[in-house]
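*Asks:* Dropping a structure here in structure tokens format, bear with me for questions.
Values quoted throughout were computed directly from the atomic coordinates according to the rules given, and no laboratory measurement underlies them. Fair warning: this is a prediction, and the values are worked out from it, not measured in the lab. Cβ placement follows ideal geometry from the backbone for every residue including glycine, while neighbour counts extend to all protein chains displayed.
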There are 2 protein chains.
Amino acid sequence: MLKRGATQMDFSSRKQEADEIILSFLPEVKGYDKTLLEAMDYSVRAGGKRLRPILILATGRMYGASKEELAPFMAAMEFIHTYSLVHDDLPAMDDDLLRRGNPTTHAKYGAGMGTLAGDGLLSEAFAIMSRCVTKSIISDRKKGIRAARAMEILAEKAGIDGMVGGQSLDVESDKSGRDITPEEMEYIYENKTSALLEGAMMAGAMIGEASDADIELIEKAGSALGRAFQIRDDILDMVGDEKTLGKSTGQDARNGKSTYASVHGIEESEKAVKELTGEASDHIRALSGVKDQKEREFVLELFGTLTERNK
Amino acid sequence: MLKRGATQMDFSSRKQEADEIILSFLPEVKGYDKTLLEAMDYSVRAGGKRLRPILILATGRMYGASKEELAPFMAAMEFIHTYSLVHDDLPAMDDDLLRRGNPTTHAKYGAGMGTLAGDGLLSEAFAIMSRCVTKSIISDRKKGIRAARAMEILAEKAGIDGMVGGQSLDVESDKSGRDITPEEMEYIYENKTSALLEGAMMAGAMIGEASDADIELIEKAGSALGRAFQIRDDILDMVGDEKTLGKSTGQDARNGKSTYASVHGIEESEKAVKELTGEASDHIRALSGVKDQKEREFVLELFGTLTERNK
């Protein structure tokens, strides 16, 4: 995915690091609800970039948090992201049969089990975080407050004031068949895509005891990054390579869906991606409490590669 | 619902008390995701017995907890219960068009919005509890631990080790068309029905700082109550009055679904309900740390009316 030799190694080792943590939180596939656990396991293992957990870890480390402290939030975040994809793929929503070249969860396990696997992943994310909060308070009141606040951030960014809110306007405007206004498009991009990226970085910074001012900058960075990321997605849907992407392109056009790229064209969209990535990076450069500059460099380079990606 | 004059008043005033709290936590219906918020609002207002929040309040009060401390958990619990019904009614699951005599959420708003309304309710439940946990820790470390533990209990009882786990075996066995074993039926009843009742009472007791021994007894009481409640449901599906119930009866038979009542017959099922209700009540009578005996009496009477109900 990365083009630059220097970070390529770094990125793939970080993905591996995130993978190990995420998989260690997956419940064992056994017992009477084995099929459910198998469907959850399948959904999480199907992979992806592990972008959000990688961002939690890097942002947390920027402020000196340890991997152990960040791990429950990394797993919870990826479970939340995965549940959102599983539900988004359902027949009642986008009705997608393939994701990353593999059958989607409902294509493999049925729509009922797909619904429940998503519900199970979301519930488990909060079970993991609740357990972490309880343990944190018992060991150290201040750490407990930070962990509870990190959980609060993820709950809000994942819910009606975040991802679910964005999804709902997206579903509704698709269904109505009408063209969405620029404000509605911004609302969808901000909530459907940016919210979880903001939440990931804010949660990491919260565990690292960043200042409120830094957390606010990080939220802005996540917002710009998410919009750049989503516009890149739109561009790839128009001009990307199906084989590299592992999914069909041209879906937005076939569904008559207006996207930033379809409205503004490829050239202007590329420009917007560049500007938004620059904006996101400026916010990260402006953070005042960063302890580990190497981690800041990694985050900046990650922003670049994400918005330049071809898959 | 109640037959006994003495508690009837009490019960309806408690339902009103719970309703006021639940509705006060409903997000205002406005903004770009208005349809989502409307669908959530519709689902929660559609009503029902408010049994779980009433149990949280009564169990918490047994141990001296205040309504203010219990309120976020009452709302969160009812949102979780409501989401479970909304998802259960989806075309991908039971495909029910009517609940309590009204169109189900997906029948009114479509299956996509039904899926998202459920997701929104579950997320909001965790957002409400997370905010409460943060506030509790800040004000008092001990209260913070109790709130975090109560949230942990609800997360676990609602998820793969509870309700979602039970639902999944139910969905799977329905789909396969095979007869389930007695052990599987017990697993489904315990997790699909008992888990949230256990969670409600345990969370109330946790906020009231009950002892571990009492919380264990309360879990057992919830387990027996849930099984009695579910068998009563089975019986009503066989011999209940559609008008009183506000839903069609005979559904289990039409779906070829084995239930406790269909396997063991009405007479033995009535006996089991009585025995299980007695068992649940004995556990409540055995609690050693109860401060408010009136609340204990209310809980005991509530158990009786729930398992004797005709709707």
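*Asks:* Provide a single number: the residues in segment A:173-207 that are under 30 Å from residue A:289 (Cα atoms) and of a type in the set (Asp, Glu). Reasoning before the result, please.
*Replies:* To start, the set of residues in segment A:173-207 that are under 30 Å from residue A:289 (Cα atoms) comprises A:189-207.
From what's left, of a type in the set (Asp, Glu): A:190, A:198.
Residues meeting the conditions: 2.
*Asks:* Between B:176, B:168, which is buried (at least 19 other Cβ atoms within 10 Å of the Cβ) and of a type in the set (S, T, N, Q)? Spell out the reasoning first.
*Replies:* Details: B:176 fails: buried (at least 19 other Cβ atoms within 10 Å of the Cβ).
Selected residue: B:168, the only one of B:176, B:168 that is buried (at least 19 other Cβ atoms within 10 Å of the Cβ) and of a type in the set (S, T, N, Q).
*Asks:* Would you mention how many residues in segment B:137-149 are under 18 Å from residue B:56 (Cα atoms) and more than 8 Å from chain A (Cβ to nearest Cβ)?
*Replies:* 3
*Asks:* Would it be correct to say that residue A:286 is among the small types (Gly, Ala, Ser) and under 27 Å from residue A:99 (Cα atoms)? Before you say what the answer is, go through the steps one by one.
*Replies:* Values: among the small types (Gly, Ala, Ser): yes; under 27 Å from residue A:99 (Cα atoms): no.
So residue A:286 fails the test.
*Asks:* So which residues in segment B:151-183 are hydroxyl-bearing (Ser, Thr, Tyr) and under 19 Å from residue B:132 (Cβ atoms)?
*Replies:* Let us first name the residues in segment B:151-183 that are hydroxyl-bearing (Ser, Thr, Tyr), namely B:168, B:173, B:176, B:181.
Listed by number, the list is empty, since nothing qualifies.
*Asks:* Going residue by residue through segment B:162-172, is there one that turns out to be without any contact (Cβ under 8 Å) to a residue 60 or more places away in the chain, farther than 19 Å from residue B:58 by Cα, in contact with a Gly (Cβ under 8 Å, 6 or more places away or on another chain) and not in a helix (DSSP H, G or I)?
*Replies:* yes
*Asks:* Next question. If the requirement is being surrounded by fewer than 24 Cβ atoms within 10 Å (Cβ to Cβ) and on the phi > 0 side of the Ramachandran plot, which of these qualifies: A:95, A:161? Walk me through it before giving the result.
*Replies:* Working: A:161 fails: on the phi > 0 side of the Ramachandran plot.
Answer to the selection: A:95.
*Asks:* If you don't mind, there's one more thing I want to ask. With the checklist (1) crowded, with 22+ Cβ neighbours inside 10 Å; (2) among the charged types (D, E, K, R); (3) closer than 24 Å to residue B:269 by Cβ; (4) in contact with a Lys or Arg (Cβ under 8 Å, 6 or more places away or on another chain) in hand, flag the one item residue B:227 doesn't pass.
*Replies:* (4)
*Asks:* Would you call residue B:92 out of contact with any strand residue (DSSP E or B) (no Cβ under 9 Å at 6 or more places or on another chain), outside any helix (DSSP H, G or I) and within 13 Å of chain A (Cβ to nearest Cβ)? Break it down into steps so the answer makes sense when it comes.
*Replies:* Working: out of contact with any strand residue (DSSP E or B) (no Cβ under 9 Å at 6 or more places or on another chain): yes; outside any helix (DSSP H, G or I): yes; within 13 Å of chain A (Cβ to nearest Cβ): yes.
Yes, satisfied.
*Asks:* If a residue has to be within 7 Å of another protein chain (Cβ to nearest Cβ) and of a type in the set (A, V, I, L, M) to count, how many in segment A:120-136 make the cut? Working first, answer last.
*Replies:* Taking segment A:120-136 and keeping what is within 7 Å of another protein chain (Cβ to nearest Cβ), we get A:120, A:122-124, A:126-127, A:130-131, A:133-134.
Imposing the further condition that a residue be of a type in the set (A, V, I, L, M) reduces the set to A:122, A:127, A:133.
Residues flagged as within 7 Å of another protein chain (Cβ to nearest Cβ) and of a type in the set (A, V, I, L, M) within segment A:120-136 amount to 3.
*Asks:* Given the criterion of a type outside the set (A, V, I, L, M), within 19 Å of the chain's Cα centre (by Cα) and within 10 Å of chain A (Cβ to nearest Cβ), identify the matching residue among B:87, B:106.
*Replies:* Numbers: B:106 fails: within 19 Å of the chain's Cα centre (by Cα).
B:87 is the lone residue from the list that is of a type outside the set (A, V, I, L, M), within 19 Å of the chain's Cα centre (by Cα) and within 10 Å of chain A (Cβ to nearest Cβ).
*Asks:* Determine the pairs where a residue that is at negative phi, located within segment A:250-269, has a partner that is assigned to a loop (DSSP other than H, G, I, E, B) and among the charged types (D, E, K, R) with Cβ atoms under 8 Å apart, the partner being 6 or more residues away or on another chain.
*Replies:* Short answer, once both residue conditions are applied: A:251/A:257; A:258/A:179.
*Asks:* Run residue A:244 past the list (1) among the β-branched types (Val, Ile, Thr); (2) under 21 Å from residue A:50 (Cα atoms); (3) crowded, with 16+ Cβ neighbours inside 10 Å and report the number of the one that doesn't hold.
*Replies:* Every condition holds for residue A:244 apart from (3).
*Asks:* When segment B:165-181 is examined, which residues are found to be within 9 Å of chain A (Cβ to nearest Cβ) and of a type in the set (Lys, Arg)? Walk me through how you get there before you give the answer.
*Replies:* Start the filter on segment B:165-181 by keeping residues that are within 9 Å of chain A (Cβ to nearest Cβ), which leaves B:165-169, B:171-172, B:174-175.
B:175 - this is the single residue of segment B:165-181 that is within 9 Å of chain A (Cβ to nearest Cβ) and of a type in the set (Lys, Arg).
*Asks:* Can I ask one more? Test each condition in (1) surrounded by fewer than 24 Cβ atoms within 10 Å (Cβ to Cβ); (2) touching a Phe, Trp or Tyr at 6+ places or on another chain (Cβ under 8 Å); (3) facing chain A (nearest Cβ under 9 Å) for residue B:154 and report the one that comes out false.
*Replies:* (1)
*Asks:* All but one of (1) away from chain A (no Cβ under 11 Å); (2) surrounded by 15 or more Cβ atoms within 10 Å (Cβ to Cβ); (3) out of contact with any Leu (no Cβ under 9 Å at 6 or more places or on another chain); (4) touching a residue at least 60 places away in the same chain (Cβ under 8 Å) hold for residue B:22; state the number of the condition that does not hold.
*Replies:* (4)
*Asks:* Return only the number of the condition from (1) more than 10 Å from chain B (Cβ to nearest Cβ); (2) surrounded by fewer than 20 Cβ atoms within 10 Å (Cβ to Cβ); (3) among the charged types (D, E, K, R) that residue A:184 does not satisfy.
*Replies:* (1)
*Asks:* Looking only at segment A:95-154, count how many residues are acidic (Asp, Glu) and part of a helix (DSSP H, G or I).
*Replies:* Of the residues in that region, 3 qualify.
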